[in-house]
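Asker: Quick one: the structure is below, and I'll ask about it shortly.
The values are calculated or read from the model by the stated rules, or taken from the named source; none is laboratory data. Computed from a predicted model, the values in this text were never measured in an experiment. Don't worry about glycine lacking a Cβ; one is built from the backbone with ideal geometry, like all the others, and counts go over all protein chains shown. Heavy atoms of the whole protein, side chains included, go into the accessibility calculation; ligands, DNA and RNA do not. Shrake-Rupley method; radii C 1.70, N 1.55, O 1.52, S 1.80 Å.
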Amino acid sequence: MDATSKLNVAIVGAGISGLAFALALQRYAPDVAFEIYEGASQLSEIGAGVGIQPRTWAIVQALGLEDAMARISGDEAESTIAIVHRKSDQAEGVDINKTPLVERCMHFELAWCW
């Protein structure tokens, strides 16, 4: 690649990671061209919760997304459980493990599928 060539990146998947990567490229590597490829034809709710760990939250902050994410999150100041592992192949489901919170937690009730 010579000095005039531009790097082209294909981002496969328009989920949280793919979109965050696209935003990071746009902000920190403006000389890199990218396209996002997503298989789903439309945005739809899948009803899952999304957990964002401290290292990932640091990236959210670095990208300037903290305020926007905080506005759409549920603030679980009263919650004492961070993660619940469930076996849910039956109608009732079964809790296998509950991991307690060690610090404040925001939760995102709905995950989206594009």
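Asker: Taking segment 1-39, which residues are open to solvent by less than 70 Å² (accessible area, probe 1.4 Å), assigned to a loop (DSSP other than H, G, I, E, B) and at pLDDT 85 or above?
Answerer: Across segment 1-39, the qualifying residues are GLY13, ALA14, ALA29, VAL32.
Asker: Only one of these is modelled with pLDDT under 80, open to solvent by 70 Å² or more (accessible area, probe 1.4 Å) and in contact with a strand residue (DSSP E or B) (Cβ under 6 Å, 6 or more places away or on another chain): ILE46, ILE72. Name it.
Answerer: Checking each option against the conditions leaves just ILE46.
Asker: Being out of contact with any Ser or Thr (no Cβ under 9 Å at 6 or more places or on another chain), assigned to a strand (DSSP E or B), modelled with pLDDT under 80 and open to solvent by 70 Å² or more (accessible area, probe 1.4 Å) is true for just one of ARG86, ARG104. Which residue is that?
Answerer: ARG86
Asker: Taking the condition out of contact with any helix residue (DSSP H, G or I) (no Cβ under 9 Å at 6 or more places or on another chain) and at pLDDT 85 or above, does ALA58 pass?
Answerer: yes
Asker: Please identify the pairs in which a residue from segment 51-68 that is among the acidic types (Asp, Glu) has its Cβ atom under 6 Å from the Cβ atom of a residue that is open to solvent by less than 50 Å² (accessible area, probe 1.4 Å), counting only partners at least 6 apart or on another chain.
Answerer: If the second residue must be open to solvent by less than 50 Å² (accessible area, probe 1.4 Å), the pairs left are GLU66/VAL60.
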